[in-house]
1. Normalise the Debye intensity by I(0) for segment 1-102, one equal point scatterer per Cα, no solvent, then take log10 at q = 0.11, 0.16, 0.18 Å⁻¹ and round to two decimals.
2. Treating the beta-carbon of each Lys and Arg as +1 and of each Asp and Glu as -1, no other charges, what is the dipole magnitude of the chain about its Cα centre, to the nearest 20 debye?
3. Going highest first, how would you order 4-11, 28-35, 17-24 by mean Cβ packing within 10 Å?
4. Rg and Dmax of segment 47-110, Cα atoms, in Å?
5. Roughly speaking, to the nearest percent, how much of segment 42-110's 1.4 Å accessible area is carbon and sulfur?
6. Once Lys and Arg get +1 and Asp and Glu get -1 on their Cβ, which of SER52, LEU106, VAL65 lies farthest toward the positive end of the dipole of segment 5-110?
7. Rolling a 1.4 angstrom probe over the protein heavy atoms, how many square angstrom per residue are accessible across segment 1-58?
Amino acid sequence: MPKITGYHAHVYFDADSQDTARQVCEEAARLFPTVQMGRMHARNVGPHPRWSCQLGFPAEAFDQVFPWLILNRQGLTIFTHPETGDHLADHRDRAIWMGEMLPLDLSIFD
């Protein structure tokens, strides 16, 4: 069985919601010292179908960070997946969506 070493929560946004996304991401990083906030990508990156900001956190922080995101996502779509080393399965089979489910470009994992 794969071991979950951490999680990535990708907060999706567009030009109109970029400031809201920045606030959500910065607040998560401020409240939870183990959350690592990535760059605000104002373009699609990797398999992601929208602009996004990644929040990385260890598996031990899931029970604190995930409920906070549920309650504080400000209507943004958030795609969360575990980190097991199997990137295709992590993104395709093991993901959790908050908000709209969007098609990912999984061809990058071929």
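1. Each listed q corresponds, in turn, to -0.29, -0.62, -0.80.
2. Details: 9 positive and 14 negative charges, 27 e Å.
Approximately 140 debye in magnitude.
3. On the way: 4-11: 20.4, 28-35: 14.9, 17-24: 16.4.
Output ranking for 4-11, 28-35, 17-24: 4-11, 17-24, 28-35.
4. 12.1, 35
5. Details: 1840 of 3660 Å².
C and S atoms contribute 50 percent here.
6. SER52
7. Details: 3250 Å² over 58 residues.
Accessible area per residue, segment 1-58: 56 Å².
The values are calculated or read from the model by the stated rules, or taken from the named source; none is laboratory data. What you see is a predicted model, and the numbers here were worked out from it, not measured in a lab. Note that each Cβ is placed from the backbone with ideal geometry, even for glycine, and that neighbours are counted across all protein chains shown. The area values use the complete protein model at the heavy-atom level, side chains included, leaving out ligands, DNA and RNA. Shrake-Rupley method; radii C 1.70, N 1.55, O 1.52, S 1.80 Å.
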